[in-house]
Amino acid sequence: MSLEIRPVGETEVPDWVRAMRTGFLVPPVAPKDEVEIRRAGMDLARTQGAFDDGRCVGTFRSFTQRLTVPGGTAVTANAVTNVTVTPTHRRRGLLGRMMGNALRAARERGDAAATLLSAEYPIYGRFGFGPASRVTRWEVQVTRAGLDPHYAGPADGGRVDFADGGTVRQLAPALHERLRARQHGAVDRTERWWRMATGDMPQLGPQAWTEPFYALYRSPAGSVDGLLTYTADAVWEAKLPMNTATVRDLIAVSPEAERALWHFLFSIDWITRVDTGLRAPDDVLPLLLPDPRAARVTTDADYMWLRPLDVPALLEARTYACPGSLVLDVTDPDGLSGGRFALEAGPDGASCVPTSRPAELSLGVGELGALCLGDESAVRLAALGRVREDRPGAAARAELMLRTARRPWCPDMF
Ligand SMILES: CC(=O)SCCNC(=O)CCNC(=O)[C@H](O)C(C)(C)COP(=O)(O)OP(=O)(O)OC[C@H]1O[C@@H](n2cnc3c(N)ncnc32)[C@H](O)[C@@H]1OP(=O)(O)O
């Protein structure tokens, strides 16, 4: 059997789409319109296929992503997506080969890290990825939540208005850019993303597109500070409304906007249940409710995985909770980004340079991936034996420096 891995050619895109659908358990065909939409979003030079006698049996794609790190700066990441190996060809190293090609190319390009959303937890740790941010989803019983049933809009002089998709396309990208500059873990949204999210381009995925409701929060000064996108079903039982509102997107750049949009959603007549969608684990929502127990956690899981590729670039881009220094010894079995680095850091920034000083904390590149957005605890990883303290107290110092007051959150699926 001749198994070849290479970038996909123009005429091979339909076969590549069929193979990807096969891996994702979607009927193994390549509808013309889906192929066209996917093709428009693909950089063929960064789209790999594994071919067995010319037939595609493995898929892998990457694209350039801007990832916000603590402090609000964005680094360039190699975002990995559409990874599949056809069940007849699994566990023969095809993913490993495609990943190796992609990580080497990203390192050569100078990307600071690679990112992905992992379908299953055990797949990507071996390639140097660590779980860098998490998500929580709540289901809220509106009638138990205890919010004011007479709520009639924001009390701060701001306002909430419905908008159509065209208005959202016009106003929300700038709002999202403001969010991205303050929310570590967030990634950039392209024009294509907004067109798909607002029905201006066909959506990809098994479910048919339904037009959602869009609501914008405007501050008393008139600036668009929040967007809520949600759908609702229409369920009645014995003459009682039992409708669920499902949040597709809720982004806000001020606490007032965030609170107003949640309040608005909970105030809508006939809505008895709210599905929050995937939120940051420390989202304000449960505590916004007089009875936080009305919000039941339905998902609590790892989300964005991060693989450091350029340790100094990644650690110098962020800010740190308190001043401090650390000598990190980073092991990278793939030989891409390991080494010993002296980190001098503080709330205003950092310098991170190769050093020959004795290591204070030794860790694998995946552990650094888990720590670098501030979500994981160095002390916890030390307790697990996954980071080693070469100098007593180094894990606690790393903890104080690296952790962030609010947790990282990636609001998007990619
Ligand atoms: C970013 C994304 O797109 S996430 C989507 C990932 N895709 C899917 O989950 C779709 C269904 N699954 C698949 O298509 C395939 O099984 C893949 C892509 C996950 C793995 O492809 P394979 O070619 O079988 O992986 P490969 O043979 O390179 O495996 C490398 C190692 O990872 C391990 N591994 C691979 N997949 C898994 C898994 N799902 N769970 C646990 N271990 C795994 C292998 O056992 C192997 O370990 P070894 O080196 O110790 O033997």
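Residues checked against (1) more than 19 Å from the chain's Cα centre (by Cα); (2) of a type in the set (S, T, Y):
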{"position": "V247", "(1), (2)": "no, no"}
{"position": "D269", "(1), (2)": "yes, no"}
{"position": "D282", "(1), (2)": "no, no"}
{"position": "L287", "(1), (2)": "yes, no"}
{"position": "P292", "(1), (2)": "yes, no"}
{"position": "R296", "(1), (2)": "yes, no"}
{"position": "A301", "(1), (2)": "no, no"}
{"position": "R307", "(1), (2)": "no, no"}
{"position": "Y320", "(1), (2)": "yes, yes"}
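Conditions first: (1) within 22 Å of A317 (Cβ to Cβ); (2) in contact with a helix residue (DSSP H, G or I) (Cβ under 8 Å, 6 or more places away or on another chain); (3) away from the ligand (no atom under 14 Å from the Cβ). R39 passes all but one, so which condition is the exception?
If we test R39 against (1) within 22 Å of A317 (Cβ to Cβ); (2) in contact with a helix residue (DSSP H, G or I) (Cβ under 8 Å, 6 or more places away or on another chain); (3) away from the ligand (no atom under 14 Å from the Cβ), just (1) comes out false.
If D161 satisfies every condition in (1) touching a residue at least 60 places away in the same chain (Cβ under 8 Å); (2) charged (D, E, K, R); (3) farther than 29 Å from S2 by Cβ; (4) not in a loop (DSSP other than H, G, I, E, B) but one, which is the exception?
Unmet condition: (1).
Report, by residue number, each residue of region 235-267 that is hydrophobic (A, V, I, L, M, F, W, C) and surrounded by fewer than 16 Cβ atoms within 10 Å (Cβ to Cβ).
Selection gives V235, W236, A238, L240, M242.
So which strands (runs of 3 or more DSSP E) are wholly in region 313-380 and hold at least 3 residues that are without any contact (Cβ under 8 Å) to a residue 60 or more places away in the chain and closer than 18 Å to V69 by Cβ?
Correct list: 339-346, 349-354.
Within region 52-74, can you find the residues that are surrounded by fewer than 20 Cβ atoms within 10 Å (Cβ to Cβ) and not basic (K, R)?
Correct list: D52, D53, G54, F63, T64, G71, G72, T73, A74.
Considering only region 127-158, state which residues are in a loop (DSSP other than H, G, I, E, B), away from the ligand (no atom under 16 Å from the Cβ) and of a type in the set (A, V, I, L, M).
Hits for region 127-158 are L147, A152, A155.
Within region 80-88, is there a residue that is among the hydrophobic types (A, V, I, L, M, F, W, C) and out of contact with any Lys or Arg (no Cβ under 9 Å at 6 or more places or on another chain)?
No, region 80-88 contains no residue that is among the hydrophobic types (A, V, I, L, M, F, W, C) and out of contact with any Lys or Arg (no Cβ under 9 Å at 6 or more places or on another chain).
Which residues, taken from region 62-83, are of a type outside the set (G, A, S) and either more than 10 Å from the ligand (Cβ to nearest atom) or part of a helix (DSSP H, G or I) (or both)?
Passing the criteria: F63, T64, Q65, R66, L67, T68, V69, P70, T73, V75, T76, N78.
Regarding region 344-351, can at least one residue be identified that is crowded, with 18+ Cβ neighbours inside 10 Å, modelled with pLDDT of 95 or more and over 12 Å from L315 (Cβ atoms)?
No, because not a single residue in region 344-351 is crowded, with 18+ Cβ neighbours inside 10 Å, modelled with pLDDT of 95 or more and over 12 Å from L315 (Cβ atoms).
Going through region 91-126 one residue at a time, which ones are more than 13 Å from the ligand (Cβ to nearest atom) and either outside any helix (DSSP H, G or I) or under 16 Å from T59 (Cβ atoms) (or both)?
G110, D111, A112, A113
Test A208 against the stated conditions and say whether it is closer than 26 Å to L287 by Cα and not assigned by TED's automatic domain parsing to the domain that holds N78.
In short, no.
Out of (1) within 16 Å of the ligand (Cβ to nearest atom); (2) crowded, with 22+ Cβ neighbours inside 10 Å; (3) hydroxyl-bearing (S, T, Y), the odd one out for T86 is which?
With (1) within 16 Å of the ligand (Cβ to nearest atom); (2) crowded, with 22+ Cβ neighbours inside 10 Å; (3) hydroxyl-bearing (S, T, Y) applied to T86, the lone miss is (2).
The values are calculated or read from the model by the stated rules, or taken from the named source; none is laboratory data. Computed from a predicted model, the values in this text were never measured in an experiment. Backbone-built Cβ (ideal geometry, glycine too); neighbour counts: all protein chains shown.
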